[in-house]
Structures are given as C-alpha cells and as structure tokens.
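Asker: Take this structure, written in structure tokens, and hold onto it; I'll ask about it next.
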Amino acid sequence: MAKVLKQTGAESVRWDLSDLYASPTDPALEATLARALERAKDFEAEYKGKVATVEPHEFAAMMRQLEQNEEEAAKPEVYAYLLHSQNTQEPAAGRVLARVREAAAERGSHGVFFSLELAQVTDEQAAKLYAHPDSSRYRHTIEEARKFRPHQLSEPEERVLTDFSPVGNSAWTRLFEELCSGVRVELDGRQLALEEALTRLREPDREMRVRASHAITGALGHDIRTRGYIFNVILQEKAIDDRLRHFPSWISSRNLANETSDEAVQALVDAVTGRYDICVRYYRVKKQLLGVGELHEWDRYAPINQVTRDLSWDDAKELVLGSFQRFSKRTGVLVEDFFNHGWIDAPVIPGKAGGAYCMPVTPRHHPYVMLNFTGKLRDALTLAHELGHGLHDRLASKQHIFDFHPPLTLAETASVFGEALTFDRIMAEEKDPKIRLAMLCSQVEDAFSTVFRQVAFNRYEDACHTARRTEGELAVEQLGEIYQAKLQPMFGDALTLTEEHKVWWSYIEHFLHTPGYVYAYAFGNLLALSVYHRYLESGPEFVDEYLEFLAAGGSTRPDELVRRIGMDITDPGFWDSGLKILDGMVGEIERLAGASSADR
C-alpha cells in the first residue's frame, strides 16, 4: 500500500520549464540541437589550426563567438536533466536525456581541437593576449587550459573519447540513479521512497529509527550487486583515463580542475582526520543527552528535544527568504525571484530524483533549485543551502560563460553561508534553552556531515580507487568492509556502526558521477565557517565585500580570491582555524549539556 504523503504546501511548487522548452517533443529543442551542431562545425572550420596563434583582437572575437554558441547549446542539456529529475521513471524524459547527450557528444567532437590548441598557447603569445584590452578578459580561461597540456591526448584520441562519452560515465551514472530512485523501503506496512525513508532516521522515536534503519538496509540489499558492478566499471574507467593522461594519482585530475594541488588537498584531509576527536567528544555528549547505553548508525541524527518540529512550505519560505533579506536587500531580491518565477521544484513525488541541488545554466539564464521537501525544519536549511548556490550563480552572471562556474573548492561557500544565516535567525528567535541546545546539536551534526563525513568518504574513495587498480574488481562485500573501516574512525568509541551499515555506500551518487568530489564539501564548509565568522566580526561593511567575492564566480584562483577577503588558504594553519570553530561549538554543547544535567 502506497503511503499518502503529508500535505506541506509544497505540492504545487514545481518548475516552470517553459522558459527552456514547452515539452520533450517541442520542435524548438531539435532545432536548437541542429543549430548548435552547425555552429560547432562552422567554428571548427574557421578556427581549427589557428587558436594558439591568432592576434589578440581576433582571439577576442573568436571567444565571443564561442560564448554565444555555448550559451544556446547548454539549454537542451539542462532541460533534459531537469525533466529527468522530476520523474526518472518516465520513458519520454529518459529518451530526451539520451538524445541531448548524444547530440552533445556529436557537437563536442567538433570542438575537441579548441581546448587542445588553447593549451598550446606559448608564453610569448600569452603575454600578447594578456596585454590587449579585449583578449585579456579571457586570461583565466587561457591559464586554466594551459595547465592541462601535459595530460592531453592527440586530437583523434580525444575525438574518439568524446564520441564514446554518451555510453561512458554519464550512462552508468544514469542507470545507478534510476536504480536508487526505484528503491522502495517497506516500513510499517508502507512502501516509501529511499529519500523519505532516510528522513525517518531523524525521528525522535528510537524504535522508529531502528525499524527504518533495518528496512533501509534490507531495501539496499536488492540490486546491490548491480550497483556494485556499476561502481566497479566507473572505478576502472577512471583508472584507464588517468593512465592515458599521465595523472600521478586518482585524485589529481579533480584537484587540477578544482584549481588546487594534491598537497593542499592532502593537508586538508590530514587536518580533518587529525581532529576526529571533536566528533568523538560530541557523540559522547549525545549519548548522555539521549540517555542510551550505546549509539549506533540510527542514532547519528536523532533529534534532541523538539528539533524535528514540522513546518509548512510557506513557513520555510518566510524563514529562509527573511534571512537573506535581513543580510542585504540585494540578496533578498535575487533570492525572492526563485519563489516568484517557478525556479524551484519542491515536493516529494514517486520517481523523482532524491536529494537536492541547484542547477546553473548560463550567465544569461537563471538557475533552478530542486528539493524533496518533507515538512521538517531541516528542509528549510536545505532550501537556504540551495538558494545560496542560486545566489552565487546570479551574482556571478556578470562573468563570461568560461569564468561563470566557481571551482568545486569554492562552490559550497555561498550555500553554507546561506544556511548559517537561516540557522542564526532560528536561534535568535528561539528562547527555550533546551531547544537551543537541540538546534546547536543539529547544526554541529550538519557540519560534521560536510566536514568529517565527507573526508571519511574521501578516504573511502581513495581506498576503493587504489584497491581497484591493484586487485581488480571489488566484491560488494569488500566495498562494504572498506566503507565501514573508513567511517568508523570518525566516531571512535562513541558510536558503533553495525554490520548492517556496510551496504550503505551503495546509494551515494557522488562516488560515481564526480569521482573525488566529496572533499570539496569539507573545503567549502570550513571556508564558509571562517567567512561567516568574519562577517559576524565585521558587520554590515563586510556585505559588499562578500558579494563581490561571490560575483567573481570562477574568474580567479581560490587562493587569490580568498586572499581578497583577508584569508590565506595556503597557510597550513588555515584549516585548523576552521576546525577550532567546530571545536568551540562542541565545547558550548558540552557546557549546555552539563547545565541541563544540573537542572534535572
């Protein structure tokens, strides 16, 4: 028997995708694909063999033409992805997604030459381009292309890889996502989507959490060998690509794309794993607050007191939008547009993709936010998080398309900042010390999820990629053993992961669609904590400085951009300062918990 979902007011909050295309069969979609292909062919005919040597004025004209081509070509791909997210089980959505990806690969084959030739720009030619007022606008784009020169293949090889890309990582990831969205969890006589079942792990009733945890484990067991095989294929595909491109480690290509170094990322990982004691201390306090003998995975997100209070969509909108408006009128206006113009898709619907995201399009087209709003307080914080991304995209729209997207290392800054604004408003309006303690616990747990847990995920990925390259295909049991071995240390002796937890790696899509991605969450969260702390210290005068930071998009290296707001991420002690903020939050929880015990 299917569950009748609780009404939250979010049921009618759906995307209006008509500003992209009217339907999957809209003739304009095919017309866009055809026009994009012809423009790619024309561009190739005009500039192939010339990119690295054209004069600055012609270089600028070439880049402007490419910008226009990319602006239009992005829309079918975004539309298809959004449509598929709304219902991953709908054949028409699947067909259009496959169609636009195949078309993108065909178009992309005519653009392979460009990045290869751009990377061959000499120091002398680069100096000429940087000195010219028009071509200097593309300096960062040129520099980023040149650093990939040692890892490029020949043009015929790159073209073959592009031609095969629709049946590569994206195809396997789509299958994995569809399998996960099709998972049904039988709980208390009802069939729940995995996303909704996971919310039961945040219920105050421990017996409910235990039943939910057991049921999720059982549901994940179905098709796990298929999902494990998909993961193995992607692990091996990554190994082959790294070998062909001469990357020294599985994470090197991701770090290069993130505009950071292997050494800097390792410093982050070492700093976080070296402070697992913060996490252990917290869960010792949580054990005391919950009054249980031993904590297990179903207790990780157990609420303290009334932290799980329900709220409607309108409540969440007022809470989040008001938080942005209080920060600055400008951000309030930019964020309110998402609610007024159908840029959010909010309800939980069978077949809809799980999780939440903000999908950027281009500098000239607004982003879209996807949620699965279940009517819980934490959904408001998720909304604030994704709208933070949306704000970042809108502010960065002054950049050209090649400098529009920030690297992953900066991509979480605005989202975590937006979440912090909303959280502080909740805390300011809540007077009950017990509920304040519960909310502080909730914030700390969210920070742990994006710092300690994501770095533990990084350690899991590292172990899996390494083992796959040295031992061959990994059995699902081995994948589970590694998962347990890498996640248990963050909890120490304060929380014990049971044998059942070993299958829970098998629904985490980040491992597949962007290998190496997860550490960026820790990077962004610790950076955002530091930036938000700077705002609290500086007050209103920091607002414009922060908004300019976001408006830079991906036009500046992260270390240089962060330096503009007075911080240095290349300093080995930088991550320690962010971790000290978390340490202080746990210290406050220990203090409040002690006071709470004394009051009993």
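The values are calculated or read from the model by the stated rules, or taken from the named source; none is laboratory data. Predicted model, so just to flag it, every value in this text is computed and none were measured. Glycine gets a Cβ as well: all are built from the backbone with ideal geometry, and neighbour counts include every protein chain shown.
Asker: Among the residues of segment 103-114, is there at least one that is crowded, with 20+ Cβ neighbours inside 10 Å, out of contact with any Leu (no Cβ under 9 Å at 6 or more places or on another chain), of a type outside the set (Gly, Ala, Ser) and not in a helix (DSSP H, G or I)?
Answerer: The answer is no; no qualifying residue exists.
Asker: Applying the selection to segment 273-289, what residues are among the hydroxyl-bearing types (Ser, Thr, Tyr) and surrounded by fewer than 19 Cβ atoms within 10 Å (Cβ to Cβ)?
Answerer: Within segment 273-289, 273, 276 meet the criteria.
Asker: Name the residue, out of 96, 100, 121, 78, that is hydrophobic (A, V, I, L, M, F, W, C) and outside any helix (DSSP H, G or I).
Answerer: 121
Asker: I'd like the residue in segment 478-503 that is surrounded by fewer than 14 Cβ atoms within 10 Å (Cβ to Cβ) and in contact (Cβ under 8 Å) with a residue 24 or more places away in the chain and, out of all such residues, is nearest to residue 282 (Cα to Cα).
Answerer: 493
Asker: What residue, among those in segment 127-138 that are over 27 Å from the mean Cα position of the chain (by Cα) and in a helix (DSSP H, G or I), is nearest to residue 404 (Cα to Cα)?
Answerer: Here the answer is 137.
Asker: With the requirement that a residue be among the charged types (D, E, K, R) and crowded, with 20+ Cβ neighbours inside 10 Å, what does segment 74-100 give you?
Answerer: If the condition is that a residue be among the charged types (D, E, K, R) and crowded, with 20+ Cβ neighbours inside 10 Å, then 75 is the only one that fits.
Asker: Considering only segment 208-217, state which residues are over 27 Å from the mean Cα position of the chain (by Cα) and farther than 15 Å from residue 189 by Cβ.
Answerer: Result: 210, single match.
Asker: Also, I was wondering about something else. Restricting segment 542-559 to residues that are part of a helix (DSSP H, G or I) and modelled with pLDDT under 90, which is surrounded by the most Cβ atoms within 10 Å (Cβ to Cβ)?
Answerer: For segment 542-559, the residue satisfying everything is 558.
Asker: Determine, yes or no, whether residue 211 is within 30 Å of residue 7 (Cβ to Cβ), in the same structural domain as residue 463 (by TED's automatic domain parsing), in a helix (DSSP H, G or I) and at pLDDT 95 or above.
Answerer: Taking the combined requirement at face value, the residue satisfies it.
Asker: Moving on to the next point. Could you list, ordered by first residue, the pairs with Cβ atoms under 8 Å in which the first is in segment 30-57 and within 16 Å of residue 125 (Cα to Cα) and the second is among the acidic types (Asp, Glu), at least 6 apart or interchain?
Answerer: That search, which allows pairs on different chains as well, returns 49/117; 50/117; 51/117; 52/117; 56/134; 57/134.
Asker: Anything in segment 504-516 that is in a loop (DSSP other than H, G, I, E, B) and buried (at least 21 other Cβ atoms within 10 Å of the Cβ)? List them, or say none.
Answerer: If the condition is that a residue be in a loop (DSSP other than H, G, I, E, B) and buried (at least 21 other Cβ atoms within 10 Å of the Cβ), then 515, 516 are the ones that fit.
Asker: Looking at 192, 220, 187, can you tell me which residue is in the same structural domain as residue 458 (by TED's automatic domain parsing) and touching a Ser or Thr at 6+ places or on another chain (Cβ under 6 Å)?
Answerer: Going through 192, 220, 187 in turn, just one is in the same structural domain as residue 458 (by TED's automatic domain parsing) and touching a Ser or Thr at 6+ places or on another chain (Cβ under 6 Å): 220.
Asker: To continue, here is another question. Read through the list (1) over 23 Å from residue 74 (Cβ atoms); (2) over 27 Å from the mean Cα position of the chain (by Cα); (3) at pLDDT below 95, then give the number of the only condition that residue 159 fails.
Answerer: All conditions pass for residue 159, except number (1).
Asker: Let me ask something else. Every residue in segment 25-51 that is in a loop (DSSP other than H, G, I, E, B) and surrounded by 18 or more Cβ atoms within 10 Å (Cβ to Cβ), please.
Answerer: 51
Asker: Still on this model: Could you grab me the full set of residues in segment 330-362 that are free of Cβ contacts under 8 Å to residues at least 60 places away in the same chain and among the small types (Gly, Ala, Ser)?
Answerer: 332, 356
Asker: Go over the candidates 289, 256 one by one and state the one that is touching a Lys or Arg at 6+ places or on another chain (Cβ under 7 Å), part of a helix (DSSP H, G or I) and among the hydrophobic types (A, V, I, L, M, F, W, C).
Answerer: The match here is 256.
Asker: Consider only pairs whose beta carbons are under 7 Å apart and that are at least six residues apart or on different chains; among these, list those whose first residue lies in segment 6-23 and is closer than 18 Å to residue 340 by Cβ and whose second residue is among the hydroxyl-bearing types (Ser, Thr, Tyr) and not in a loop (DSSP other than H, G, I, E, B).
Answerer: Cβ pairs passing all conditions: 15/368; 17/79; 20/79.
Asker: Report, by residue number, each residue of segment 72-93 that is without any contact (Cβ under 8 Å) to a residue 60 or more places away in the chain and in contact with a Ser or Thr (Cβ under 9 Å, 6 or more places away or on another chain).
Answerer: Residues satisfying the conditions are 72, 73, 76.
Asker: I'm checking my understanding of the structure. Among residues of segment 462-477 that are in contact (Cβ under 8 Å) with a residue 60 or more places away in the chain and of a type in the set (Asp, Glu), which one is surrounded by the most Cβ atoms within 10 Å (Cβ to Cβ)?
Answerer: 462
Asker: Taking only segment 126-177 into account, find how many residues are within 30 Å of residue 93 (Cα to Cα), β-branched (Val, Ile, Thr) and crowded, with 18+ Cβ neighbours inside 10 Å.
Answerer: Total satisfying the criteria: 1.
Asker: OK, next. Would you be able to say whether some residue in segment 572-585 is closer than 30 Å to residue 145 by Cα and at pLDDT below 85?
Answerer: yes
Asker: Having 1 or more residues that are closer than 22 Å to residue 542 by Cβ is the bar; report the helices (runs of 4 or more DSSP H) wholly within segment 375-483 that clear it.
Answerer: By residue number, 377-395, 408-411, 413-429, 433-450.
Asker: Does at least one position in segment 312-334 carry a residue that is among the aromatic types (Phe, Trp, Tyr) and either at pLDDT below 95 or surrounded by fewer than 18 Cβ atoms within 10 Å (Cβ to Cβ) (or both)?
Answerer: Checked segment 312-334: no residue is among the aromatic types (Phe, Trp, Tyr) and either at pLDDT below 95 or surrounded by fewer than 18 Cβ atoms within 10 Å (Cβ to Cβ) (or both).
Asker: Hey, could you check segment 562-574 for residues that are within 15 Å of residue 261 (Cα to Cα) and in contact (Cβ under 8 Å) with a residue 40 or more places away in the chain and say which is surrounded by the fewest Cβ atoms within 10 Å (Cβ to Cβ)?
Answerer: Step by step, filter segment 562-574, then rank; the result is 572.
Asker: Are any residues in segment 227-250 surrounded by 14 or more Cβ atoms within 10 Å (Cβ to Cβ) and charged (D, E, K, R), and if so, which ones?
Answerer: 227, 237, 238, 241, 242, 245, listed by residue number.
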